[in-house]
Amino acid sequence: MAADQFACTAAVIEETPDAVVVSNLGVASYVLAEVGDRERNFYLWGSMGSTTATGVGVAHGTDEQVTVLAGDGSLTMSLGVCSTVATADQSNLTVVCFDNGIYGTTGGQPTPSIDFAAAAEAQGLPAERVDSDDEFAAAYADAVARDGPSLIECTVEPTDPEARPTFDFPHIPRRVRDSLTE
Amino acid sequence: MSWEAEIVDGLLDAEIDLVTQLPDGAMGAVLEGIQESDVDTLRVEREESAIAAASGAWVTGERAAVMCQSSGLANAINAIGSLSAPARLPFLALVTRRGDLGEFNVAQVPAGYGLPGMMDEMGIRHTVVEEPGTLRKTVRMAADSAFSTRTPYVVFLDATVTGYGQEAQ
């Protein structure tokens with residue numbers, strides 16, 4: 001069984017409409033853009049493996065909910081970042097790892113099979129593993145409500161979105177900043 | 001005034017809100033000084049994350065600084081090159097530079113000695129501080145320029161400032 005990444009991403013926006021959503025380069029950002037462009041969508045166009053840490057930095061400076069949409073390939077590249085999330089211990093940060101089993105932006109090669117929830121727990125970051133749209137929505141609501149960060153590992157079917165965020169990379173964080181500070 | 005105190009005062013003058021860092025013995029007194037102030041610190045697992053977190057803080061209106069060793073900055077080249085620089089996410093970096101005067105460990109040489117050149121190739125502004133005495137002003141001005149121009153700025157601290165290992169002496 002696997003969840004639908006579009007439905008889960010839409011559930012994030014529905015549950016936390018004011019959240020800053022930091023999305024990994026590639027599929028996570030393309031899906032987020034297709035679900036709906038918004039001022040607080042912090043799409044990344046590069047730096048694979050740095051998405052979650054970027055979210056930690058955002059969560060430090062705002063009381064708003066910050067949600068990271070990572071991919072299994074990206075999180076594999078920097079799995080130790082879960083320890084940083086645990087160390088920072090920010091109540092407004094939730095990390096979602098969409099595990100589609102492939103490097104979706106580089107040709108669909110298989111990713112290593114990793115129990116991300118167990119890896120997060122081993123680093124002191126509470127985590128839950130889900131594999132359906134309903135389970136994800138419930139887990140995300142719980143994660144947002146909890147007094148501390150957590151990770152949701154969500155098994156999803158691979159997808160090939162058509163949408164793209166703006167190619168004007170500097171505009172993306174500028175827009176987020178204006179939304180948070182003006 | 002010690003060079004460490006100069007740096008702390010420079011960070012305070014620059015109104016830095018957050019310092020992301022990895023442990024560095026040479027910067028121990030700097031970190032202690034920061035932690036005694038109102039500036040928040042965040043220890044990360046890898047320097048790429050220090051760069052990314054500092055970059056992310058900018059969208060909230062904060063000013064963040066990174067503290068790491070030169071080998072750590074080498075770890076973070078792609079975060080600078082494909083996140084901070086192209087997305088115009090500014091930060092100040094304070095980097096203890098190995099690989100030059102007094103270096104005993106050849107493993108520190110290629111990256112440490114070469115990093116100023118690498119920063120030039122990437123278009124990342126930097127300065128190499130070889131003598132203490134103007135550090136407070138340098139840190140303040142580097143930060144002010146980083147956030148005014150919305151670009152990263154790296155301050156390298158040479159071993160002539162931070163000291164060097166007994167192994168070489």
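Alpha carbon centre of the stretch A:111-182 versus the stretch B:98-158: separation in Å?
Centre-to-centre distance over Cα atoms comes out at 35 Å.
Pick from A:G26, A:G107, A:G148: which residue has the top mean-square fluctuation in a GNM of chain A where Cα pairs under 10 Å get a spring?
Evaluated over chain A, the most mobile residue of the options is A:G107.
Among B:D158, B:D144, B:D40, which one shows the biggest mean-square fluctuation in a GNM of chain B, springs joining Cα atoms closer than 10 Å?
In this elastic network of chain B, the residue with the biggest mean-square fluctuation among B:D158, B:D144, B:D40 is B:D40.
Out of B:V59, B:V95, B:V154, any idea which swings most in a Gaussian network model of chain B, alpha carbons joined below 10 Å?
Between B:V59, B:V95, B:V154, it is B:V59 that shows the largest mean-square fluctuation.
Rounded to the nearest 0.05, what FRET efficiency is calculated for A:S179 and B:S37 with R0 set to 35 Å and r the Cβ-Cβ distance?
0.75
Mind listing which GluC sites (Glu not before Pro) in the stretch A:1-41 are in a DSSP loop and have 14 or fewer other Cβ atoms within 10 Å?
For GluC sites (Glu not before Pro) across the stretch A:1-41 that sit outside H, G, I, E and B with at most 14 neighbouring Cβ atoms in 10 Å, the list reads A:E39.
Net charge around B:V106, counting only other residues with Cβ within less than 13 Å of its Cβ (Lys, Arg = +1; Asp, Glu = -1)?
-2
How many angstrom lie between the C-alpha centres of the stretch B:13-80 and the stretch A:11-39?
For the stretch B:13-80 versus the stretch A:11-39, the Cα centre distance is 27 Å.
Chain B: D in µm²/s via Stokes-Einstein (Kirkwood Rh, Cα pairs, 25 °C, 0.890 mPa s)?
158 µm²/s
When the Karplus curve 6.51 cos²θ - 1.76 cosθ + 1.60 is applied with θ = phi - 60°, which whole-Hz ³J(HN,Hα) does each residue of the stretch B:83-97 get, with x for Gly and Pro?
In residue order, the calculated couplings are 10, 4, 5, x, 8, 6, 10, x, 7, 9, 10, 10, 10, 6, 9 Hz.
Quick one, what does Rg over Rh come out to for the stretch A:39-117 if you take C-alpha atoms and the Kirkwood Rh?
Rg divided by Rh gives 0.97.
As an exercise, use a Förster radius of 41 Å and the Cβ-Cβ distance of A:S132 and B:T127 to find the FRET efficiency, rounded to the nearest 0.05.
0.15
How much of the DSSP bridge set in the stretch A:5-181 is antiparallel, in percent, rounded to the nearest 5?
10 percent
How much net charge surrounds B:E4 when only the other residues with a Cβ under 14 Å from the Cβ of B:E4 are counted, with Lys and Arg +1 and Asp and Glu -1?
Counting the neighbours of B:E4, the net charge comes to -4.
What share of the DSSP beta bridges in the stretch A:29-113 is antiparallel, in percent to the nearest 5?
Of all bridge pairs located within the stretch A:29-113, approximately 25 percent are antiparallel.
Within 10 Å of each Cβ in B:80-90, how many Cβ atoms from other chains are there, averaged over the peptide?
6
Looking at chain B, which longest stretch skips every one of the GluC sites (Glu not before Pro) that is in a DSSP loop with at most 16 other Cβ atoms within 10 Å, leaving the sites themselves out?
That gives B:37-129 as the longest site-free run.
Which whole number gives the average count of other chain Cβ atoms within 10 Å of the Cβ atoms across peptide B:41-47?
If you average over the peptide's residues, the count of other-chain Cβ atoms is 6.
Per Stokes-Einstein, at 20 °C and 1.002 mPa s, what whole-number D in µm² s⁻¹ belongs to the stretch A:1-68, with the Kirkwood radius over Cα pairs as the hydrodynamic radius?
Rounded, D is 176 µm²/s.
What is the local net charge at B:T134, summed over the other residues whose Cβ is closer than 11 Å to its Cβ (Lys, Arg +1; Asp, Glu -1)?
Neighbourhood net charge equals 0.
How would chain A be classified by its alpha-carbon gyration tensor: rounded, prolate or oblate, with rounded meaning a/c under 1.5 and the a/b versus b/c comparison settling the rest?
In terms of gyration-tensor shape, rounded.
Determine one quarter of the surface area of the Cα convex hull of the protein assembly as shown, which equals its mean projected area, and express it in nm² to one decimal.
With every direction weighted equally, the projected area is 17.2 nm².
Decide, for the stretch A:98-182, between rounded, prolate and oblate: order the square roots of the alpha carbon gyration tensor eigenvalues as a ≥ b ≥ c, take rounded if a/c falls under 1.5, and otherwise choose prolate if a/b is larger than b/c, else oblate.
Here the stretch A:98-182 falls in the oblate category.
Computed from the coordinates by the stated procedures, all read-outs in this text should not be read as laboratory data. Note that the structure is predicted; figures quoted are calculated from it, not measured. Cβ: placed from backbone, ideal geometry, glycine included. Neighbour counts: every protein chain shown.
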